[in-house]
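Following: one structure in C-alpha cells, then a few remarks.
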Amino acid sequence: MDWKLEVVPVPVTDVDRAKGFYAEGLGFAVDLDIQVGDGARMVQLTPPGSGCSIHLNTGITGPPPGSLQGLQIVVPDIEAARAELAGRGVEVSGIRHYGEDGALADGPGGRWNSFVFFSDPDGNGWVLQERPAGG
C-alpha cells in the first residue's frame with residue numbers, strides 16, 4: 001500500500017495576498033478556492049509537477065501565520081529555479097550549501113547539497129533543493 005502526502009496547510013493572515021504570491025510568484029496551480037462555511041475559506045494550490053498541494057485557510061483554527069518553516073521543494077536545476085523565482089519578483093537567497101562543519105556556506109555544493117531559501121509574505125519559510133538527474 002502506498003502512503004502519499006497530499007496536502008500541507010500553510011498558515012497565512014491574508015488568503016488573497018498569499019494566493020497571489022503562490023500562484024503568480026511561484027507558479028503554483030490554483031486547484032480550488034471555495035467557501036467551506038460561514039467565514040471559512042480554503043484555497044488549494046499545487047507546485048508544478050508535484051503530487052502534494054498546500055492549503056491556505058481562513059476561519060479554520062490552526063498554527064499562527066508565519067510559523068511553518070523548512071518546507072522543501074526539489075528541483076532538477078537550482079540555478080534555473082532561482083532565476084525563475086527572482087524573475088517573478090520573489091526575494092530569494094543566493095545558492096547555498098552545507099559545509100563539512102554543518103554550517104551553511106555560499107555557492108553550490110555537491111550532490112543533493114545546493115539550496116535556495118525564500119519566505120512567503122507571512123514569513124513561512126521555504127527551501128528549494130537541487131535533486132540531481134536520476135535521483
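Computed from the coordinates by the stated procedures, all read-outs in this text should not be read as laboratory data. As the structure is a computational prediction, the values presented were derived from the model and not from experiment. All Cβ positions, even for glycine, are placed from backbone atoms using ideal geometry, and neighbour counts span all protein chains on display.
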Would you pull out the residues with amide H under 5 Å of Val12's amide H, same chain only if 5 or more places away, H placed 1.01 Å from N? Asn57
So if R0 is 35 Å, what FRET efficiency would Arg88 and Glu6 give, r being the distance between their Cβ atoms, rounded to the nearest 0.05? 0.85
Taking all pairs of different Cα atoms in the chain, averaging 1/r and flipping that mean, what Kirkwood radius in angstroms comes out? 15.9
Sequence order, the stretch 17-29: Karplus ³J(HN,Hα) from phi using 6.51 cos²θ - 1.76 cosθ + 1.60, θ = phi - 60°, Hz rounded, Gly and Pro as x, gives 5, 5, 4, x, 4, 6, 6, 8, x, 9, x, 5, 7
Acute angle (nearest 10 degrees) that the helix 78-87 long axis makes with the longest principal axis of the chain, alpha-carbon atoms: 50
Segments 114-125, 67-78 sorted - mean Cβ within 10 Å per residue, highest first: 114-125, 67-78
Taking 7 Å along the Cα-to-C-beta vector as the label spot, tell me the Ala105-Phe117 distance in nanometres, rounded to one decimal. 1.7
If you count the DSSP beta bridges with both ends in the chain, what percent of them are antiparallel, to the nearest 5? 75
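If you count, for each residue, the other Cβ atoms within 10 Å and average over each peptide, how do 3-12, 45-54 line up from highest to lowest? Provide the component values of the computation, followed by the final result.
Details: 3-12: 13.9, 45-54: 15.5.
Answer by packing, highest mean first, reads 45-54, 3-12.
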Using alpha-carbon positions, what is the distance between the centroids of the stretch 1-44 and the stretch 67-127, in Å? 21
Burial order of peptide ranges 81-89, 20-28 (average beta-carbon count within 10 Å, highest first): 20-28, 81-89
Test of understanding: extend the Cα→C-beta vector of Gln72 to 7 Å, then name every residue of the stretch 104-118 with backbone N under 12 Å from that spot. 112-116
